[in-house]
Every structure is written in structure tokens, then in C-alpha cells.
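Take a look at the structure set out below.
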Amino acid sequence: MKTKLLTLLCTLGLMLGLTGCGGQDLPMEATFDGYTVVLGQTTMQDLIDEGYEPHLQSRQDVARDGDKYISFYYSLDKGAGYQFWVTVCVPWGGGADISSETTQSLTEGIVKSVSFSKGSTEKMTATYNGVDIQELSFEYAADEWGAKQEDDTSKVTWKAPLKRGSLKLEAEDTFEEVFYELTVSLSQKEFENMQK
């Protein structure tokens, strides 16, 4: 009896592992006017070479022992209506002064997350998983990607857990209930595994 139970549990565990619990295996990328930003691979230099002008918006304030990377948040644009945002990571040298990492992030930073909105991309074609952001809705994300509305958020927010990260959809502000902005992010573990 114990052997049968153990066999059943092992089989069930194997089946769960093969079906990929933890979310859908959706692309960890976004496409802007035909250029695909692949999370964990695309660098800031790649985006600069595509003609985007980078603007450092913020950076990680604190690094802890054991951290391997420092994060920086950039906006990239080619003018009004041609803008999106990325979080990029560079290896952390371990010191309190991260000025060398800041300099390095401008060209060598690897994209870990990308965000774009209907307004910021109104003059370009911006897609996720083949869907133009101008056509995207919370309902579509729920039906096709398993997104669920989050509770206790200041503005309407839906999230879909992905196998390698997450997908977040938000309204423009607290007064709106329609989709406006999309963020696709790699998990820290997935990002670090891709850098090996």
C-alpha cells in the first residue's frame, strides 16, 4: 500500500513538473516598430543603436550582501509618442560607491523588465505576444493569459504569473478602470540564470 501511494505521489509530482506549474510560458519580450526587446538578452547599447535616447530615471539605493546585480531604471525615446521604460541590471562590484555600475548601465545594462503605455507608444507599433497595446484590455489578458485583478491597489491592476516572471497591466490613474500600461518582467532567479 505504501509503495502504491509513493508511486502515485511521484507520478503526480512528475506530471506537475512537466506541465509547468507557476504560470504560462509566455514570451519575455516586447516589440517596438519591429524591433524585439528580449528580456535577459537585449542591452542598453542595442537600444541606443536602434536610435533610442536613454534617460536615467532612478537607480537601486541599497545593495545587500549576496546581491549579484544593481538595477537602474531608464526611459528610452525617439520623441513624443515613441517612448518606453526599462529596468536594466549590471553586475555589482560589491562596494558602496556604484558610480562605475551607473556608467556601465548606460551601455552594458541588460534589460530585465520593460514597461510601455498606450499614450507613450501612440506613434509607434508596440506589441506583447503579438497583441498591439492599443487593442489590449484587462478582459483579453484575463481570457488569454490568465491575468487576475489585484486587491488593495491604488489604481486598477491585473497580474498574470508567468513561468519565468510576471506580467502586470494597469489603468492610467486611480479614476480610470480601463487598461493603459503593460509591464513584463523576468524574475530575479530567471535573469541570473540567463547570465550564466
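The values are calculated or read from the model by the stated rules, or taken from the named source; none is laboratory data. Since we're looking at a predicted model, the values are computed, not measured. Using ideal geometry, Cβ is built from the backbone for each residue, glycine included, and neighbour counts are taken over all protein chains shown. Ligands, DNA and RNA are stripped out before the accessible areas are found, and what is left, the full protein with its side chains, is counted by its heavy atoms. Shrake-Rupley method; radii C 1.70, N 1.55, O 1.52, S 1.80 Å.
Candidates Asp152, Asp143: the one that is outside any strand (DSSP E or B) and at pLDDT below 95 is Asp152.
On inspection, Val156 passes the criterion of being in contact with a helix residue (DSSP H, G or I) (Cβ under 9 Å, 6 or more places away or on another chain), within 23 Å of Gln83 (Cα to Cα) and in contact (Cβ under 8 Å) with a residue 12 or more places away in the chain. Under the condition of being under 22 Å from Lys196 (Cα atoms) and basic (Lys, Arg), which residue from region 43-102 is most open to solvent (accessible area, probe 1.4 Å)? Out of the qualifying residues, it is Arg64.
Close Cβ contacts (under 6 Å, 6 or more residues apart or on different chains) running from residues in region 29-56 that are touching a residue at least 12 places away in the same chain (Cβ under 8 Å) to residues that are open to solvent by 40 Å² or more (accessible area, probe 1.4 Å) and of a type in the set (Phe, Trp, Tyr) comprise Glu50/Tyr35. Out of Lys123, Lys168, one residue alone is free of Cβ contacts under 8 Å to residues at least 60 places away in the same chain, basic (Lys, Arg), part of a loop (DSSP other than H, G, I, E, B) and within 23 Å of Gln57 (Cα to Cα). It is Lys123. Within region 168-196, the only residue that satisfies the criterion of being modelled with pLDDT of 95 or more, open to solvent by 40 Å² or more (accessible area, probe 1.4 Å) and closer than 18 Å to Asp152 by Cβ is Lys168.
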